[in-house]
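The values are calculated or read from the model by the stated rules, or taken from the named source; none is laboratory data. What you see is a predicted model; the values in this text were computed from it and never measured. Neighbour counts are summed over all protein chains in view; Cβ atoms, including those assigned to glycine, are modelled from backbone coordinates with ideal geometry. Surface areas here come from the heavy atoms of the whole protein model, side chains and all, with no ligands, DNA or RNA. Shrake-Rupley method; radii C 1.70, N 1.55, O 1.52, S 1.80 Å.
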Amino acid sequence: MRYKHLSGVASLALVCGATPVMAQTAPAVDAAEGVTEDNPIVVFGRGETRQVQTVTAIDIKAATPGTSPLKVLEKLPSVSVQSANALGTNEWSTRFSVRSFSQNQLGFTLDGVPLGDMSYGNFNGLHISRAIASENIGSSTLAQGSGALDTPSSSNLGGTVQFFSQTPTDDFGVDTQASYGSENAYRLFGRVNTGDLGGGVKAYVSGSWLDAPKWKGEGKQQAWSVNSKIVVPLGTSAKLTAFANYSDFKDDDYMDMSPALVKKYGWNWDYIRNDYKTALAIAKNLQSDLVNYSKYCENYAGYDQTICADDTYYNGYGLRKDFLAGASLTTDLAPGLSLRVSPYYHHNKGIGTWWTPYTPTPGGAALSIRATSYKIARGGLTGALTYKIAKNEIELGGWYESNKYTTARNFFGLADSTTSSIDNREWPEGSFYLQYKYNFKITTGQFFIQDTFQATDNLKINAGFKGLSVIVDNKYDPASQSTAAARDTSGRLKARDLFLPQAGVNYTFNSAVEAFVSYAENMRAFTTEPFMTNQAGFQAIKNTIKPETSKTIEGGFRFHLDHFEGSIAGYHVKFENRLLSVQPCAIIVGCATILSNVGSVTTNGVELAGTYHLTRALSLYGSYSYTDARYDDDVLSGTLYHTKDKQVATVPAHLANAEVSYDDGVISARVGANYQSKRYYTYTNDASVAGRVLVDLSLGYKFDAADGPLKNLEIQGNVTNLFDKKYIATLGENGLASTDPSGTLQSMLVGAPRQASITLRKRF
């Protein structure tokens, strides 16, 4: 829609990195094994001083092939995942939040390599769905409250998610997989493990292809990738690990909706990509009356309802290509002294398009294509020195990144014809208007020091702090604006705090019960958003705006009984200097909309989760979380909006999961239900969307053959949204509103209906 910050970033990812020595170590789990007490779906962080859970490769394998690793984390406490497609891979719609913090306020890494905040128009990273094929992920670890001090992230106000790739196998093998499902979607995956090539050197290389038509409207998601990883022992005290991944991603978007549009057209309303003639007619009618465009409605052939301006558009898609490379060297320097050094590099090129009816092509069609383009070239280094002496483990390390990022908005012309002259997920060429172009240089530096002290066999204490400094330099391209007042947002913003402390305690009462408590302070550095304004707006904020900060305290108990693993935790978070684009004066005075600090948020919550093994093959899993997140202040934006004590928009107060899993090594089955309570989508809480329960089903069979074509053959069926629930998934992709009494805010996306697939796997 016309408010949409279309930032499709077509990405081609080649990731080279290695699993570094981390404070949180991912469990080694073979996805080919069944679910047992010794090989669980969810691993609760035994011995951790923070709230930590790990989802293993078993869970990823049970999901529909190609499902985003983020969606698999949905079963963990306080995690909310929203998407317009069943796989959770449509990046315009996918949103991931934890404890009321949104995706761009969290931290993400892959084998220690920073992925940025994984937002749609990402300026400092890439989405995990493009960074690595889901089949190559060994585990995913979530820290709901605060990540470890060594986590390389400048956005983790809230928790962090660490993804770990699988390790190459010791034996040679070929894994193949083919899936087919609803809407004639199909996915292919293959991986070759070299086995031990001598001296412990081993590697794998894999490839994947996805062709998934949209569940409504026209268009599809297409993606292919190549992943590789190698492990090289260097003598007896050192090891080099590296991975390399490439991704080419093309994605047609779904139509942004409002409650009013759902009521008028139904749940299946979408872009009219199959009807260019009507799209042209809508544009011509709108342009004939731009003053009253919002009231302009017309009857068009083939449609039962009159279509008004902004009710639909022709199309919008994103293209993304990424190259990400890195390596990690770990070595013992002396008894008790070890070193890790992990360099990486990332290159991204992407574009997001939208057929706008507001800007006709000069001498051409009534439509043109508005495209927001992106380029990222970033390189960095993480590292740590660890010294173990007596009962202490002392770590000193840091992170440095230099990032050159360019974003521009161009308008591309369309020929005056009955069909769109640019289509089929192409890279447009021949811009007739450059609206803006920004060139950023972002320099990030972080250091940390911490000590883990094993005071007694039962008591562990860790404490330390980190310092973070992010400098954002912007050079605006003056050729992209005709007036000096609008173009000069060149300048520098700094976000710096050299003392962000963190401390935690873990006490083990016995082998069955442990307690933990922790405290952490974090800061989210400035993004490129403050520069996306005019000169007056930038000058007004550049010396007064403050970075967002948080203070988190949490504590709880973990239980490790014979047939039960679980945890219960409570937390309190103070989130300060919240940033929001507002008009910071009364309407009668009039002033530019700028990014401003608008107060704080107080969040309190409770989290419960546990797995009970009835037998070695049959287990029950459940989780529940209650989140009370409320604004502490009213907000002035043209008028004074009473947001104090209102619930934070988009955040459900209640989340619950229940799952039954069975796996005896031959037959596997899983039924899972996810509940989410209602969510407000306005800051004053005057408008909301209803809660929902979604049920997913998975059934699998492993052929028990000693030899022949059935050896190592598996078949698996998946059904998502089993009962075909109609619901609103994503909220706020075009931003939120202070109030929406008429239900016309066009900033939400419908969730996918029931989708089914069948998969064959064969290992050679």
- Scanning region 367-383 for residues that are among the hydrophobic types (A, V, I, L, M, F, W, C) and open to solvent by less than 10 Å² (accessible area, probe 1.4 Å), which turns out nearest to A283 (Cα to Cα)? L367
- S338 fails exactly one of (1) crowded, with 17+ Cβ neighbours inside 10 Å; (2) without any contact (Cβ under 8 Å) to a residue 24 or more places away in the chain, namely (2)
- Task: Check S688 against each of (1) over 21 Å from the mean Cα position of the chain (by Cα); (2) in contact (Cβ under 8 Å) with a residue 12 or more places away in the chain and name the one condition it does not meet.
- Result: (2)
- Task: Identify, by number, the condition in (1) surrounded by fewer than 17 Cβ atoms within 10 Å (Cβ to Cβ); (2) in contact with a helix residue (DSSP H, G or I) (Cβ under 8 Å, 6 or more places away or on another chain); (3) of a type outside the set (D, E, K, R) that F538 doesn't meet.
- Result: (1)
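Being farther than 20 Å from F465 by Cα, of a type outside the set (K, R), open to solvent by less than 70 Å² (accessible area, probe 1.4 Å) and not in a strand (DSSP E or B), is that true of even one residue in region 427-450?
First, pick out the residues of region 427-450 that are farther than 20 Å from F465 by Cα: 427-443.
Adding the requirement that they be of a type outside the set (K, R) leaves 427-436, 438-440, 442-443.
Checking the rest, the ones that are also open to solvent by less than 70 Å² (accessible area, probe 1.4 Å) come to 428, 430-431, 434-436, 438-440, 442-443.
So of that shortlist, the ones also not in a strand (DSSP E or B) come out as 428, 430.
Among the residues of region 427-450, at least one is farther than 20 Å from F465 by Cα, of a type outside the set (K, R), open to solvent by less than 70 Å² (accessible area, probe 1.4 Å) and not in a strand (DSSP E or B), which makes the answer yes.
Among residues belonging to region 543-571 that are open to solvent by 70 Å² or more (accessible area, probe 1.4 Å), in contact with a strand residue (DSSP E or B) (Cβ under 6 Å, 6 or more places away or on another chain) and more than 27 Å from S469 (Cβ to Cβ), point out the one that is modelled with the highest pLDDT. Steps first, please.
Going through region 543-571, the residues open to solvent by 70 Å² or more (accessible area, probe 1.4 Å) turn out to be 543-544, 546, 551, 553, 557, 561-563.
Narrowing the set further to residues that are in contact with a strand residue (DSSP E or B) (Cβ under 6 Å, 6 or more places away or on another chain) leaves 546, 551, 553, 557, 563.
Now drop any that are not more than 27 Å from S469 (Cβ to Cβ), which leaves 557, 563.
Numbers: F557: 98, H563: 94.
This residue is F557.
I'm checking my understanding of the structure. Among residues of region 304-359 that are in a loop (DSSP other than H, G, I, E, B) and closer than 30 Å to L234 by Cβ, which one is farthest from the chain's Cα centre (by Cα)?
First, pick out the residues of region 304-359 that are in a loop (DSSP other than H, G, I, E, B): 304-306, 309-316, 335-336, 357-359.
Retained after the next criterion (residues that are closer than 30 Å to L234 by Cβ): 335-336.
Values: P335: 40, G336: 37 Å.
Checking each candidate, the answer is P335.
Check region 613-624 and report whether any residue there is open to solvent by 60 Å² or more (accessible area, probe 1.4 Å) and among the charged types (D, E, K, R).
The answer is yes, given that some residue of region 613-624 is open to solvent by 60 Å² or more (accessible area, probe 1.4 Å) and among the charged types (D, E, K, R).
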- Return the residue satisfying two criteria in turn: it lies in region 669-682 and is open to solvent by 30 Å² or more (accessible area, probe 1.4 Å), of a type outside the set (D, E, K, R) and touching a Ser or Thr at 6+ places or on another chain (Cβ under 9 Å), and of such residues it is farthest from R630 (Cα to Cα). A669
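For region 522-542, give me the residue count where each residue is of a type in the set (S, T, N, Q), part of a loop (DSSP other than H, G, I, E, B) and either at pLDDT 80 or above or in contact with a Gly (Cβ under 7 Å, 6 or more places away or on another chain) (or both). Break it down stepwise before answering.
Keep residues of region 522-542 that are of a type in the set (S, T, N, Q), which gives 522, 527-528, 533-535, 539.
Still in the list and also part of a loop (DSSP other than H, G, I, E, B): 527-528, 533-534.
Okay, now just the ones that are also either at pLDDT 80 or above or in contact with a Gly (Cβ under 7 Å, 6 or more places away or on another chain) (or both), so 527-528.
Number of matching residues: 2.
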- Task: Would you mind stating whether F172 is at pLDDT 95 or above and open to solvent by 20 Å² or more (accessible area, probe 1.4 Å)?
- Result: yes
- Note on the structure: Of those in region 237-260 that are among the aromatic types (F, W, Y) and under 20 Å from the mean Cα position of the chain (by Cα), the residue surrounded by the most Cβ atoms within 10 Å (Cβ to Cβ) is F249
- Query: Among the residues of region 145-181, which ones are part of a strand (DSSP E or B), touching a Gly at 6+ places or on another chain (Cβ under 9 Å) and among the hydroxyl-bearing types (S, T, Y)?
  - Reply: T160, S165, T176, S179
- Single residue of N122, N136, N104 found to be at pLDDT below 95, of a type outside the set (D, E) and open to solvent by less than 10 Å² (accessible area, probe 1.4 Å): N122
- Please enumerate the residues belonging to region 683-703 that are within 13 Å of M748 (Cβ to Cβ) and either loosely packed, with under 15 Cβ neighbours inside 10 Å or out of contact with any Phe, Trp or Tyr (no Cβ under 9 Å at 6 or more places or on another chain) (or both). A690
- Message: I'm checking my understanding of the structure. Among residues of region 718-734 that are of a type in the set (S, T, N, Q) and part of a loop (DSSP other than H, G, I, E, B), which one is most open to solvent (accessible area, probe 1.4 Å)?
- Response: N734
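Residues E733, E714: which one is closer than 26 Å to E135 by Cα and of a type in the set (D, E)?
None of the others qualify; the one that does is E714.
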- Does G570 qualify as being small (G, A, S) and touching a residue at least 60 places away in the same chain (Cβ under 8 Å)? no
- Note on the structure: Apart from one, (1) under 22 Å from L580 (Cα atoms); (2) out of contact with any strand residue (DSSP E or B) (no Cβ under 9 Å at 6 or more places or on another chain); (3) at pLDDT below 95 all hold for N734; the odd one out is (2)
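Okay, residues lined up against (1) without any contact (Cβ under 8 Å) to a residue 60 or more places away in the chain; (2) open to solvent by less than 50 Å² (accessible area, probe 1.4 Å):
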site: Y265; (1), (2): yes, yes
site: N274; (1), (2): yes, no
site: I282; (1), (2): no, yes
site: P343; (1), (2): yes, no
site: G352; (1), (2): no, yes
site: W355; (1), (2): no, yes
site: G363; (1), (2): yes, no
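Right, R578: charged (D, E, K, R), in contact with a Gly (Cβ under 7 Å, 6 or more places away or on another chain) and buried (at least 17 other Cβ atoms within 10 Å of the Cβ) or not?
Numbers: charged (D, E, K, R): yes; in contact with a Gly (Cβ under 7 Å, 6 or more places away or on another chain): yes; buried (at least 17 other Cβ atoms within 10 Å of the Cβ): yes.
Answer is yes for this residue.
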- Message: Is it the case, given these coordinates, that D270 is assigned to a loop (DSSP other than H, G, I, E, B) and modelled with pLDDT under 95?
- Response: no
